[in-house]
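Colleague: Quick one: this structure, given as C-alpha cells, is what I'll be asking you about.
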Amino acid sequence: MTRADFIVTLGAVALLPFLYVASWGNGARGEQARILVGGKEYARVPLYKAQRLEIPGALGVSVLEIKDGKIRFIASPCRGKQCVHSGWLALSGEFAACLPNRISVHVAGREPRYDAVNF
Amino acid sequence: MPALTATREDLRIAWLAALAVTVHIAESALPSPMPGVKPGLANVITLVVLLRYGLAAAAWVALLRVFAGSLLLGTFLSPTFMLSLAGTLASLCALGAGYGLGRLWPAARLSVLGLSVLAALAHMAGQFWLAYAWFIPHPGLFYLLPVLMTAAVIFGVLSGIISGAMLKRLEI
Amino acid sequence: MCAFPRYSLLATSYCLILLLATSSCSKQEASLYQEQILALGALVDISISGVEPERAQQAASTVADDFNRIHRTWHAWQESELTRINARLPGGAAFPVQADLMPLMVRAQELSRQSEGLFNPAIGKLIALWGFHSDEPIGPPPDPGAVAALVAQCPGMDDLRLENNFVQSRNPAVQLDFGAIGQGYAVDAAIEHLRKLGIENAIVNASGDIRVIGKHGARPWRIGIRNPRAPGILASIEMQGDESIVTSGTYERFFEYGGQRYHHIIDPRNGYPAQGLTSVTVLHRDAVTADAASTALLVAGLKDWRRIARAMGVEQAMVIDEQGTVYMNAALARRIRFEITPAPKIEIIDSP
C-alpha cells in the first residue's frame, strides 16, 4: 500500500459522512407544494422543476416562482405584499399566504418536519 | 499478407476478458440488496489487466465485458446496459487519470488498492449521474446516494485486496 | 434465474422510491387528516390524527362552522353581535345579551385584571383611531391630541358590569375589541368541540395560534416557531397532551407612514404601539390565556414581562427584543430547540 493509496482511501471514507449529511441532513426539504385558493386545493406542483405559475385568486393573479427546490410569491395583487415578503419556502411545513387574494402555498415533503407553525 | 497470429499476451488478455464476462454474468444473477449495489468483482479483472498489460488493454477488456455481457444477458441497450456502460466509462477515466498521474509523478503512484477505490467511486458516480440525468430526475434518488457510495468504498477496498492477491499469483 | 437481470435498475429504483415515500407515512402515523379553512380573516389549519378520514373530515367541517360563527359574532368593525353591544355600551344602561356571549367577556375581564390592564380589550376606540379596524391598515398615524384624549378617559374592563346575561358600562369610552384573544378563544372552542366528537389527537392552528391535544401517532406533535426577523423557522418544540402555543409579534399587522413603522399592539397606558419587544411566545394549557398573555407581555416590555407572566399564571414564555436577543425562562429553554445557525443570543431566566 503506497502513501497515495492511503490518501485516496482515507479521502473516500472521509467523503461519506459529508454525503450523508448533504443528502439526508435536510431530509425535511419539501418535495412538492400545495397551492390552495379559497381553502380548496388548486394544484400540487413538484419543487424540482423550475417554473413560474400564475394563480387566479379573489383579487387577481398571484405569480409564484419555483426554483432549486424552493417556491415563493413574486407578485400578488394585495396591498401589504406580506406574501412576497415571506420569501423562499423550502422546508416541508413552511407556508406563505396572500390572504386578500385567498391564495396559500404549503410545502410538503415525505414527512413534514413540523405539524404546525406558530407565528 | 501478414498472418494474423495471436501472441501469448493476446491470449492471456482474451482469457481474462472471457473471465470478466463470466464474472459479470454470474454477478448479475446475485440478488442485490439495493439496485446499483454490486460487489463489482468484474472490476478485479479490469484492474489486473491494467497493471499487467496497461490502460489500452484494460479499456478493451472492460468495454468488451459490458457489451458481451449485456448481449448474453439480453439487456443490450436497456437501461441496465446504459448504466453499466456509464459506470465503466467513468471508472476507466478515473483509472486512466490515477494510473497516468502515478507514471508522471512517482510520489503519487497508486497501488492496486488505491486504483480500485478510485475506480469503484467513479463507477458508482457515473452510474448515479446517468440514472439521475436520464432516467429518474427525482430528488428522492439522492436519498440513495450516500448508501450507494458507502457500498462503493467497501467493495472498492475488497476488490483492491482481491486484485492484489490475484496479481501476486499471476507473477509466480 | 435468467429473469432476474431483467429487473432493470430503473424499475427497482422506482419501487424503492415509492417504498421510501410510503413507508414513512404508513409507519405509525397511520392517518393524518388536514384541512384548511379561511375564517376570522385568517387561515385555520386543522390536523386530525388517528381516526378514519370520513370522520376527521366531518369533525373538521363542524370546526370550520364554529370558526365562522365566532368570526361573525365577534367581528370588531363589520356588523356583528359585538358591534351591536358596542353601540349600546356608551348609553350606560344595563342591557341583555345572549347567554353564549358572556363567557368570552367574563374571561377577558379576568385576564385583563391579572395582566394589570396591559391586556385591555376595552380600548376599541384607540384601535379604530389607529386605523387597525381595516383589513389592510394604511395609516397615517392619528393626531397625538386625539390619542391623549382617549387615553385620559381610561377605558378598562373593570368599567364593565357583567351579570346574569346583562352588560353595563360605567365608562362611555369603553368599546370592546377582542382581536387579541378572538383566535385563541376560537381555537379553544374548536378543540373542545373536537373532543366532544371523540377526536383525541388534533392540532388547531389559527394563523399561528396553536392548541394541540394528544399526539401524532407514536410521537408528539412537532411545532415550528417562525423567525420574526427573517423568513424561515427560528425554533422547534414538541408538544403533546393538551397545550397551546401563541406568539404575538409587532410584524403581524402594521402600516408604514413617513418612513416609520406602526404596529397593531397598542399600549393602553399611552395609546401608542408598544415599544421594546418584537415578539412574545407563550405556552399555556388554553389558547385564550396564552393569547391574552402574549399581548400583555409584549406591552409589558423587557422590564416587566416576567412579573406579568407570573400574575397571569404563565410558566413558559419567550420574548425577543429589537436587537434579536431571546429571553426565556428555564422551563421553556429545556424543551425548545433553535433551528437557525448561528443561534441567536439567548438569556435564560430562572424563575418565570
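Derivation of every value follows stated rules applied to the coordinates shown; laboratory data play no part. Every value quoted in this text rests on a predicted model; they were computed, and no experiment measured them. Every residue, glycine among them, receives a Cβ derived from its backbone with ideal geometry; neighbour counts consider all protein chains shown.
Colleague: Given R₀ = 30 Å, FRET efficiency for B:LEU104-B:PHE67 by Cβ-Cβ distance, to 0.05?
Modeller: 0.45
Colleague: Normalised by the residues of chain A, what does the relative contact order come to in percent, with Cα pairs under 8 Å and at least six apart?
Modeller: 24 percent
Colleague: Follow-up. For peptide B:78-84, how many partner chain Cβ atoms fall within 10 Å of a residue's Cβ, on average?
Modeller: 4
Colleague: What does the extension gain come out to for C:ARG337 and C:ALA93, with contour length at 0.36 nm per residue minus their alpha carbon separation?
Modeller: 82.6 nm
Colleague: Enter the mean number of other protein chain beta carbons within 10 Å of the beta carbon of each residue in C:204-217, as an integer.
Modeller: Partner Cβ neighbours, averaged per residue: 2.
Colleague: Shifting gears a bit: For the stretch B:13-29, list residues with backbone N below 13 Å from a point placed 7 Å from the Cα of B:LEU170 toward its Cβ?
Modeller: Of the residues in the stretch B:13-29, B:13-20 have backbone N under 13 Å from the label point off B:LEU170.
Colleague: Could you sort C:235-243, B:145-153, C:198-206 so that the peptide with the highest average Cβ count within 10 Å comes first and the rest follow in order?
Modeller: Packing order, densest peptide first, comes out as C:198-206, B:145-153, C:235-243.
Colleague: Here is a follow-up. Assuming 0.36 nm per residue, please report the length gained on full extension of the stretch C:ASP350 to C:SER31 beyond their Cα-Cα distance.
Modeller: Result for the pair: 110.8 nm of gain on full extension.
Colleague: Residue farthest toward the positive end of the dipole of chain A, with Cβ of Lys/Arg at +1 and Asp/Glu at -1: which of A:VAL105, A:ALA58, A:ALA33?
Modeller: Positive-most Cα among the choices belongs to A:ALA58.
Colleague: Which length gain, in nm to one decimal place, applies between C:PHE166 and C:GLU79 when the Cα-Cα distance is subtracted from 0.36 nm times their residue separation?
Modeller: Here the segment from C:PHE166 to C:GLU79 would lengthen by 29.3 nm.
Colleague: How high is the relative contact order of the stretch C:247-352? Use alpha-carbon pairs under 8 Å, at least six apart in sequence, and give a whole percent.
Modeller: 22 percent
Colleague: Excluding C:HIS263 itself, calculate the net charge of residues whose Cβ lies under 13 Å from the Cβ of C:HIS263, where each Lys or Arg counts +1 and each Asp or Glu counts -1.
Modeller: With Lys, Arg at +1 and Asp, Glu at -1, the net is -2.
Colleague: So what's the net charge close to C:GLU238: Lys and Arg +1, Asp and Glu -1, counting the other residues with Cβ under 11 Å from its Cβ?
Modeller: Summing Lys/Arg as +1 and Asp/Glu as -1 gives +3.
Colleague: Putting +1 on Lys and Arg Cβ atoms and -1 on Asp and Glu Cβ atoms, find which of C:GLY156, C:SER47, C:GLN78 reaches farthest to the positive end of the dipole of the stretch C:21-180.
Modeller: C:GLY156
Colleague: Please compute the net charge surrounding C:ILE223, taking Lys and Arg as +1 and Asp and Glu as -1 over other residues with Cβ under 9 Å from its Cβ.
Modeller: -1
Colleague: At a Förster distance of 45 Å, what's the computed FRET efficiency of B:TRP15 paired with B:PHE142, Cβ-Cβ distance as r, to 0.05?
Modeller: 0.65
Colleague: Can you work out the FRET efficiency for the pair C:ALA149 and C:GLU200, with r the C-beta to C-beta distance and R0 = 51 Å, to the nearest 0.05?
Modeller: The value I calculate is 0.45.
Colleague: Only helical DSSP H runs with n ≥ 4 go in: add -39500 (n - 2.57) per run for chain B, normalise by residue count and round the 222 nm mean residue ellipticity to 500 deg cm²/dmol.
Modeller: -25000 deg cm²/dmol, from helical runs alone.
Colleague: Then there's this: Nearest 500 deg cm²/dmol is fine: what mean residue ellipticity at 222 nm does chain C get from its DSSP H runs of n ≥ 4 alone, each adding -39,500 (n - 2.57), divided by its residue count?
Modeller: Using -39500 (n - 2.57) per qualifying helix, the result is -11000 deg cm²/dmol.
Colleague: Pull up the cross-link candidates among the aspartates and glutamates for A:LYS67, meaning alpha carbon to alpha carbon under 20 Å and not fewer than 8 places away within one chain.
Modeller: Straight-distance partners of A:LYS67: A:GLU31, A:GLU54, A:GLU94.
Colleague: Kirkwood hydrodynamic radius, chain B, all distinct C-alpha pairs: what's the number in Å?
Modeller: With all distinct Cα pairs of chain B included, I get 16.5 Å.
Colleague: Next up: Might you report the magnitude of the Cβ-based charge dipole of the protein assembly as shown about its Cα centre, with Lys and Arg at +1 and Asp and Glu at -1, to the nearest 20 debye?
Modeller: 2100 debye
Colleague: How high is the relative contact order of chain C? Use alpha-carbon pairs under 8 Å, at least six apart in sequence, and give a whole percent.
Modeller: 15 percent
Colleague: Something else about it: Give me Rg over Rh for the stretch C:172-270, both radii from the alpha carbons and Rh done the Kirkwood way, two decimal places.
Modeller: Rounded to two decimals, Rg/Rh equals 1.07.
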